[in-house]
Each structure stands twice: as C-alpha cells, then as structure tokens.
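Below: one structure, written as structure tokens.
The values are calculated or read from the model by the stated rules, or taken from the named source; none is laboratory data. Everything numeric here is computed off the predicted structure, so don't read it as measured data. FYI the Cβ positions are ideal-geometry reconstructions off the backbone, even for glycines, and counts take in every protein chain you see. The accessibility values were calculated without ligands, DNA or RNA, using every heavy atom of the protein model including side chains. Shrake-Rupley method; radii C 1.70, N 1.55, O 1.52, S 1.80 Å.
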Amino acid sequence: LPLEEMHAVGKHFGATLNDLAVTIVDDGVHRYLRQTNRPFPHRLVAFCPVSLRGDGDTEAGTRASAMFVHLGEHESSVVERIGQVVTALDTAKHEIRSMSKDAAMTYAVALLGIAELTTATHIDRMTPPLANVVISNVPGVRRPMYLNGAQLVGTFPVSAIAMSVGLNVTLTSYDDHMDFGFVGNGKTMYDLPQLARHVQAAYQELKAAAPKRPGRRRH
C-alpha cells in the first residue's frame, strides 16, 4: 500500500500509520472468518512487539518488550474500528511507557514464558490463548534499492507462528509503500491470498471514508 496515501488516510481518523495498519489487519481477519463461516464474536488480541531503543542507542543486545492489545469489536465497521484500535494501542503504549526498560523487558519475557508453558502442557486447548495474532511493524529503507542494476520492487517479510497463535502479520516499509507479509496456521488460516484481499478491501473502505484534505496527524 502507498505510504503517503496511508499517512493521509490515517490523519483524518487521528491515527498513526501503525494504527491504520493494525486496524485493516484486524478488520480483514474478521471479514475472512465471516466469509469462511467461522465468525469470531470477540475482540482479537494482538501480540505487538515494541522496541525500547532510544535515539542513538547502538548497544548490542535486545531492547524490546511487547503489548497484548484487545483490538476492535467484531461487529464494528472499519470506520468504527479504527477509533477502537487507536484507543487500545494508546492504552497499551501508556502501560509500557510507565515501566522502566528493564521492567518492560521482564514483563514481555514472563508473558512469553507463560504462553510457551500453556502450549507445551496443552492447557491452551482448554483456555483462551494470550493472543490470536502477532502484528509487528519493521521499519525499512525509504529509498529504492538495486542489485546489479535490477531494482528491488518489494519486500515481503516471512516470520513464524507459535504459542497457539494462528496468524503472524509482519509489515515493512520500503521506498514509497508498505508491504504486508502473512504467515498462518494452515488448519485455520488456509487461504492467505483471500485474507490479503480482505485487508486491502478494509483499507479501500477507510480511504473512501476519508476526505481529500485530512486533519492533523497524531504523533
């Protein structure tokens, strides 16, 4: 999807680029599940990695935590959903920022440990998982790249699924657009091209609802 256009659409709804991307993934998953006769009557819970590195931090080692974010209501329109997602992400960010960096990293490790334990002991078969979907945003290069004169046209990240999570969506920006990489559990998310089309449709609906001159963007 085109980055500048995404920024403009997000501005109208008081959303960042990341807010908008999470919203259309959330809406796309609900559309996909309804189409496959498996509507999910709850909010999806997204596991979202968060970098804790400050500007100029080049030290070796991990500086990351994670947020577990309850996304939009299952019956919401995508226009309603983006407001719900903005609020949910803001709340989760505030909780992470209220911790020290060491506490935030420990928090993420502890939750991941619990998730792995429930998977290993099959407790996850009887209780809801900590998250349904992983959504991560990896900043990329904002200029064209070449190899032996051939231009790179896109980057599609391939990540992994674990902890009983059925879907991993990794976003990365390149040049003037954002690419979406989908990895899913074949038993539940067995038609990822169709899911991608639903995510695209959700974006087009938001785009159509935004005026040509958007308002002020959040920071």
Next item on the list: May I ask you to list the residues in the stretch 149-188 that are assigned to a loop (DSSP other than H, G, I, E, B) and either of a type in the set (D, E, K, R) or surrounded by 15 or more Cβ atoms within 10 Å (Cβ to Cβ) (or both)?
Entry: T155, P157, I161, M163, S164, V165, G166, D175, D176, K187
Notebook entry, point to check: Of these, A108, A15, A104, A21, which one is modelled with pLDDT under 90, crowded, with 19+ Cβ neighbours inside 10 Å and touching a helix residue (DSSP H, G or I) at 6+ places or on another chain (Cβ under 8 Å)?
Noted result: A104
Next item on the list: Please work out which residue is most open to solvent (accessible area, probe 1.4 Å), limiting yourself to the stretch 137-148 and to residues that are over 18 Å from P49 (Cα atoms) and not in a strand (DSSP E or B).
Entry: N148
Check: Quick one: how many residues across the stretch 34-60 are modelled with pLDDT of 85 or more and either open to solvent by less than 90 Å² (accessible area, probe 1.4 Å) or small (G, A, S) (or both)?
Finding: 11
